Structures are given as structure tokens and as C-alpha cells.
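The values are calculated or read from the model by the stated rules, or taken from the named source; none is laboratory data. These numbers were taken from a predicted model, which means no experiment stands behind them. Cβ sites come from the backbone with ideal geometry, for glycine too, and all protein chains shown count toward neighbours.
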Amino acid sequence: MQRHTEICIAGGGPAGTLLAYLLARRGAEVVLVEKQPVPGPSFRGEIINADGESVLRKHGILDKINPEAVLPLLRLEYWENRKIVKTIFPDHADGNVGIHIPQADLLHALLNEMKSYSNFTYLPGTMVRGLLQNEEGTYTGVKVRTADGSLLTIHSQVVVGADGRYSSVRKYAGIPVNSAGHGYDLLWARIPAPQGWEPVMCSTIQNGQQLHLFTQARGYVQIGWNIAEDSYKELRKRPFEELTQTLIEAFPKLEDSVRQHITSWQDFVLLDIFSSKSERWAQPGLVLIGDAAHTMTPTGAFGLNEALRDADVLHEEILNCLSQNKETLTSLERLEQRRRGDVERRQREQVDMELTYAQNFNN
Ligand SMILES: Cc1cc2nc3c(=O)[nH]c(=O)nc-3n(C[C@H](O)[C@H](O)[C@H](O)COP(=O)(O)OP(=O)(O)OC[C@H]3O[C@@H](n4cnc5c(N)ncnc54)[C@H](O)[C@@H]3O)c2cc1C
């Protein structure tokens, strides 16, 4: 089976889906390929910061999301021995220190807007299996396996790899990537928030272990435990209650919900932490955005927001190129020129924040 389109985007996470929306609503022909059958089912970065908020507001997207799924966070608290030792408030009275939006809600809102667009095709449950190239080496499309198991060839003027930290598009294009561990991994779990739990982010060190709490929209608290890099396999041989006990000691108010909802290792999700930089973001006819171009650590919750910024900038460059019939490569390279400096600055900031984390608890 064959199809033709202007833009083929591999990966329907926040970067790919936002890019699809921004292009499709301006009339570009877009095919969005996503390997998961349902958008946004897994545990992902979900805190929108000021940069992400400004992208969503600029394009009127915040208003399209179910209000129940939009939770502005009031402050960031650092706790020690069950007491708050430092609080970060928003810069402005009407501001927030981040907005929690479940990724599924963000993706559904965007996909819902595109439902009636005849120039947009969404292919969930579809895996990228290879790339097409012409004789000059320019990328001209992707080969995919669709949800019903059939092979489909999608010919496109531009291929976008928005397929995350383990990007297949990057691999098939042979783009080298430099990855670095940060000395820790993260275990995530989620529990219903107890009555009266406020929309805040909290951080603490309890029994030598870093713990992070994020209040989530729809009445949940997301909990992150920092664990030593690559230690999860060994840790799983021990009782999971060692982790929940540490959490309860630090935040006794969570005890009932923790005991009820974290009942085995199955209730934890591992995020192996690394950052990466792709050596190039663009090749003729192909471009990488979001985690595929630059994986971030969860520190400061930048990954999702930088991915949204990439999509915003790339849509301008692609539209510019389509309207002026410019050489595709020129415009694709401009994404990297416009964004790489900011992203790498953020990556350095993350390292600084990780190295100086303990100083937040100095009075
Ligand atoms: C488990 C987990 C927890 C995270 N927690 C945090 C956090 O707490 N804070 C934070 O800031 N960031 C976190 N992140 C990172 C954050 O989610 C990303 O930075 C952000 O989602 C980047 O968006 P993206 O669209 O570039 O990539 P992704 O969100 O990874 O989206 C990529 C999409 O591509 C699809 N895909 C992959 N391979 C293929 C293929 N071969 N064919 C078709 N589709 C494919 C995937 O299914 C996915 O939907 C987390 C990431 C993970 C994986």
C-alpha cells in the first residue's frame, strides 16, 4: 500500500501531535504515525512551565483542553523533617509554578481539533519500520506497519522524527547521538490525593533519599523516588514497602492513600534517566524534534516544554518552506539553528540543579 503526503510525522507524543495540529490547521497535508493504539497512555512528563504555557496560549490550545484537566500549581515547597524550609512562589500574583495537564488530555484536545480536517490522517497502532531515500540521499518517506499488520509506504516531502528518546527515525537515518547518565534513575507512582491536598509540588530528602511530589489534575498525587542509576533490578529483590515507608515518614498525610494504592512493585514505573544530544537534527528531507533530538532529564520538567517549543518553531519553518517552495533542507536546518542553543542551555541548567539540589534545604 502506498500513500502520498506533504509531511509525515513519526511519533504522536506532544511534539509530533502539536506539530501536526499547527501544520494541518494551516492547510498542510499531514500524516501522523503513532505506535500506541491510544494516545498518551504511559507515564510521561506532564508539567507545563512558562515556556510551554506560552506556546499553548499563543495557539489558543489551553482553552480547548477540558478545564478539569488543567491544574495550575500554586507553589514549590522544599521539606525537611516534615517541615517546609523553603517555598518558591510564582513570579506574578496570577501566575503558577507550573500547570499539570495529563498528557492524554493534551493529545486528545489536539486530535479532536483535527478530526474534521480532510488534510490530516492519524494512524495509531502504527510502527515506523524504515525510511525511504532517493538517489541523492534525500529522505522521501517512511515505511510503516499499520495496526492491522499490513505494510504501508508513505511518500512525503518532509519526514519528522518525533518518536522520543529511543527514536527509530534517528536510528534508521544513522544520526549519531551522545548520551550521558546522571547518576540516578526515577521510580514513579501515582495515588489519589487525600482530602484537602493542595495543588503544589514538594521536594524532600528523607533517609538520604530524594522524593518529589506533584499534585495532578483530576485529584492525584504523582510521587518520584530518586534511586541510584541502574539499581532497580537489585532494588526489586527487596520489599517495596521500604520506599513507601520513606514516603509515609516524610508525608504522613499520604499514609492511607499510599497503603491502599501502592501494594506491589507493579505500581511503580521506572524512568531510566539520561540526557542525550543528537549530533545533527536535520538531514536532507528529515528532521528530529523533541526527545528524539535532545532527551532531557526530568529535573525542572523541561523535556515536554522544549518539545512543544520545537514543534512551534518547526511549524513556522516548514510553512515558510512550503509557501516559498524553498529547498527543504534549508528550512529543516533552521530548526536546529534556532533551538539548539536554548536546549543545550537547559540541559546544562539541569546538571547544575542536580548538583546543587541539597542547597535548597539550607536555611
Ligand atoms: C516514563 C517517562 C516519564 C517521564 N517523566 C517526565 C517528568 O516527570 N518530567 C519531565 O519533564 N519529563 C518527563 N519525561 C520526558 C517527557 O515526557 C518528554 O520530554 C516529552 O514527552 C517529549 O515529547 P516528545 O513528543 O518529544 O516524545 P514522547 O513523549 O516520548 O513521544 C514520542 C512518541 O513516539 C511514539 N513512537 C516511538 N517509537 C515509534 C515508532 N517506531 N513508530 C511510531 N511511533 C513511535 C511513542 O509511542 C510516543 O507516543 C518522561 C518520559 C518518560 C518516557
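Tabulated data for the structure shown
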read-out: In the range 291-344, the residues that are basic (Lys, Arg) and either within 12 Å of the ligand (Cβ to nearest atom) or within 18 Å of the chain's Cα centre (by Cα) (or both); value: Arg309, Arg339, Arg340
read-out: Any chance Thr121 is part of a strand (DSSP E or B), away from the ligand (no atom under 16 Å from the Cβ) and either in contact with a Gly (Cβ under 9 Å, 6 or more places away or on another chain) or modelled with pLDDT of 95 or more (or both); value: no
read-out: Leu23 being more than 9 Å from the ligand (Cβ to nearest atom) and under 30 Å from His155 (Cβ atoms); value: yes
read-out: Number of positions in the range 212-221 that are touching a Gly at 6+ places or on another chain (Cβ under 9 Å) and buried (at least 21 other Cβ atoms within 10 Å of the Cβ); value: 2
read-out: Residue match in the range 87-98 (condition: away from the ligand (no atom under 12 Å from the Cβ), of a type in the set (Gly, Ala, Ser), surrounded by fewer than 19 Cβ atoms within 10 Å (Cβ to Cβ) and farther than 20 Å from Ala301 by Cβ); value: yes
read-out: Any hit, the range 81-103, residues being within 20 Å of Ala307 (Cα to Cα) and part of a helix (DSSP H, G or I); value: yes
read-out: Single condition Val142 does not satisfy, out of (1) part of a strand (DSSP E or B); (2) more than 16 Å from Gly16 (Cα to Cα); value: (2)
read-out: Output for the range 165-214, where each listed residue is part of a strand (DSSP E or B), without any contact (Cβ under 8 Å) to a residue 60 or more places away in the chain and in contact with a Ser or Thr (Cβ under 7 Å, 6 or more places away or on another chain); value: Gln206, Gln209, Leu211, His212
read-out: Within the range 1-20, considering residues that are buried (at least 24 other Cβ atoms within 10 Å of the Cβ) and either at pLDDT below 95 or near the ligand (Cβ under 7 Å from one of its atoms) (or both), the one farthest from Ala104 (Cα to Cα); value: Ala10
read-out: Elements of type strands (runs of 3 or more DSSP E) in the range 247-318, at least 3 residues being surrounded by 17 or more Cβ atoms within 10 Å (Cβ to Cβ); value: 274-278, 286-288
read-out: Cβ pairs under 7 Å, 6+ apart, first in the range 30-44 and at positive phi, second near the ligand (Cβ under 6 Å from one of its atoms) and modelled with pLDDT under 95; value: none
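Residues checked against (1) within 16 Å of the ligand (Cβ to nearest atom); (2) at pLDDT 95 or above; (3) of a type in the set (A, V, I, L, M, F, W, C):
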| site | (1), (2), (3) |
| --- | --- |
| Gln206 | no, no, no |
| Phe214 | yes, yes, yes |
| Tyr220 | yes, yes, no |
| Ile223 | yes, yes, yes |
| Tyr232 | yes, yes, no |
| Pro239 | no, yes, no |
| Glu255 | no, yes, no |
| Val258 | no, yes, yes |
| Ser264 | no, yes, no |
